[in-house]
Amino acid sequence: MGKQKGFGPVQLADHAGLYRWQVDRGMAKGLVPRPALESGRWSEEQAADVAARSGEISEVLGDRQGYGAKRTAELLQESTGVELWSADVETLAARGLIDETGEWKGYALYDPKVASEPSAEVAAALREIVEQRTAWYASSATREAAAGRCGWSELEFENRAREAGMEPGQFGRWALEGVERLAGVEEPDVAGARMFGPDEAAEHMGIRRREFDYCVDAGWLTPVSEITRTVWTGQYSRYSKTVKVPLYRAADLEAVLRIEDVDWAKVRTLKPRQVSPLRKYASQAPKRSAAVHAFVERLRGEHGLVAWSRYANLANRWIVDWEPRENGTPTVEDVQALLAADADLVPYAGTVQLLGEVGQVVHWARRMLQPGAAVLIDTETHDLWGSIMEVAVVDCATGETLLDTLVNPEVPVTDGAFAVHGISDEMVADAPTFDQVLPDLLRVTAGRALLAYNEAYDREVIKGDCRRRELAAGHLGRGANWDCVMESLTTWEGLRDWPALGGGHRARGDALAALDVLRQLASAPPWVLAKETEKVSA
């Protein structure tokens, strides 16, 4: 049998001078015909027609596949003046008013033309979506907050709610009216049951955040639950972090405002640098601080751990971190048991978090260094985001090289890429092609966590070669299997920039250099320990 004629989607895109996504989107919009051959491929006549109309197709579809929900929301907000969330874009798409044009790292991409130039219909729909979302948030609570209001665990709350015929609504939130009835309130006060984080709670009370913290330290307010929020510390997502934020009930906030001993009119009109009348009531803070520091000292002295602590102002809580031993102990559960047995710290246990961002990185790195847990992967390419010219895989536990091979990309290396890694066309002329290397790459990485110094790059170039050759990426194509050593390093060091690796820009050298970084991450960073030493000296 002769070679089957026709064009697959990759070949059609190359032939017509289009991107692969333009072929897919073109079919969805009727700009590219469905394959005519029984094999599911495009005929030569169809390919010639698409190539002749490539300029028209590009003009209609644009040269960008799309934007993620966050960026789409920003662009729509600029055009409409409506304050949007990423979830509002998803709702807009569900209504059929903006198309999903593909995906990136498992997240949907949306039509860039609608994002940049929304119609009057889209603008009106967005206003309606935001109104509905705002109203729902005001009359609903998260599962955590709802469970806290009822005094149950989340699982117990959900089971009892479903027994009562309740189901969560949009965003997985629960209607406050139903939550209040489950809590035993015969005539629910939905307004009083609303939940606020610290900043929103201070605004609700009409006082500054500092005065709100005094109310908490005085013992007048206790959170009923907490939620996890992403805090953006820079322009790009890599400058974000997650924090646990306590939630306070509106009725409790209003009860504090009825305390007669406090001149609330004066509290609300305080000027900068004026001493707050609430300061004298806040006797808890120094006691809590002393209890936390004493607990950390016991972790160091009695249990022989490298441990440290810091105060998180946003959440009004202390964070306790520690280095685990080689076997991964003590776990969070182990230290939680020690905390529960500490009589001095128990009264403040609700405002103490075990493992912050740095501690989580240290514990993660220790897990990745365990036998059989993870591998480090590095690639070198013929161009930025191009085809692979070299790939290496290193065992994180042993440092053993599991794979180290040049790859023939079947396209000439660019001058810029050659200047970086020094791999020439002559060096890869007799090397295996990617389809020949992929089985070994899948084999040596199977069942392991996949780490790379710049995970987004290495994962995408592997997926890109699989797409171009119509190969199945298997576990290498699933973002959930990957982790980024560089992003962990920025958290561990407290940096905002992406530090260079310094591994020589060859795959095996860079993989081994990344392993050295991973080993560093398995211990407390020097800057943390230096701060702790300063505290002790002081």
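The values are calculated or read from the model by the stated rules, or taken from the named source; none is laboratory data. Note that the coordinates shown come from a computational prediction; the quantities given were computed from them, not determined experimentally. Using ideal geometry, Cβ is built from the backbone for each residue, glycine included, and neighbour counts are taken over all protein chains shown.
At-a-glance table
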read-out: Wholly within segment 75-178, helices (runs of 4 or more DSSP H) carrying at least 3 residues that are surrounded by fewer than 12 Cβ atoms within 10 Å (Cβ to Cβ); value: 120-138, 154-163
read-out: Residue in segment 409-417 that is surrounded by 14 or more Cβ atoms within 10 Å (Cβ to Cβ), in the same structural domain as ALA511 (by TED's automatic domain parsing) and closer than 30 Å to ARG366 by Cα present; value: no
read-out: Every residue from segment 285-305 that is closer than 19 Å to PRO324 by Cα and without any contact (Cβ under 8 Å) to a residue 12 or more places away in the chain; value: GLU297, ARG300, GLY301, GLU302, GLY304
read-out: Failed item, numbered, when LEU37 is tested on (1) over 40 Å from the mean Cα position of the chain (by Cα); (2) on the phi > 0 side of the Ramachandran plot; value: (2)
read-out: Some residue of segment 364-379 being touching a His at 6+ places or on another chain (Cβ under 7 Å) and either aromatic (Phe, Trp, Tyr) or in contact (Cβ under 8 Å) with a residue 12 or more places away in the chain (or both); value: no
read-out: Residue within segment 338-349 that is farther than 20 Å from THR222 by Cα, touching a Lys or Arg at 6+ places or on another chain (Cβ under 7 Å) and surrounded by 12 or more Cβ atoms within 10 Å (Cβ to Cβ) present; value: no
read-out: Failed criterion for PRO499 (all others in (1) under 29 Å from GLU326 (Cα atoms); (2) surrounded by 15 or more Cβ atoms within 10 Å (Cβ to Cβ) hold); value: (2)
read-out: Residue within segment 37-45 that is touching a Ser or Thr at 6+ places or on another chain (Cβ under 8 Å), under 30 Å from GLU470 (Cα atoms) and surrounded by fewer than 18 Cβ atoms within 10 Å (Cβ to Cβ) present; value: yes
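So that you can scan it fast, the table gives a plain yes or no per residue for (1) modelled with pLDDT of 85 or more; (2) under 25 Å from TYR107 (Cβ atoms); (3) of a type outside the set (D, E, K, R):
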position: LEU37; (1), (2), (3): yes, no, yes
position: ALA51; (1), (2), (3): yes, no, yes
position: SER54; (1), (2), (3): yes, no, yes
position: GLY62; (1), (2), (3): no, yes, yes
position: ALA69; (1), (2), (3): yes, yes, yes
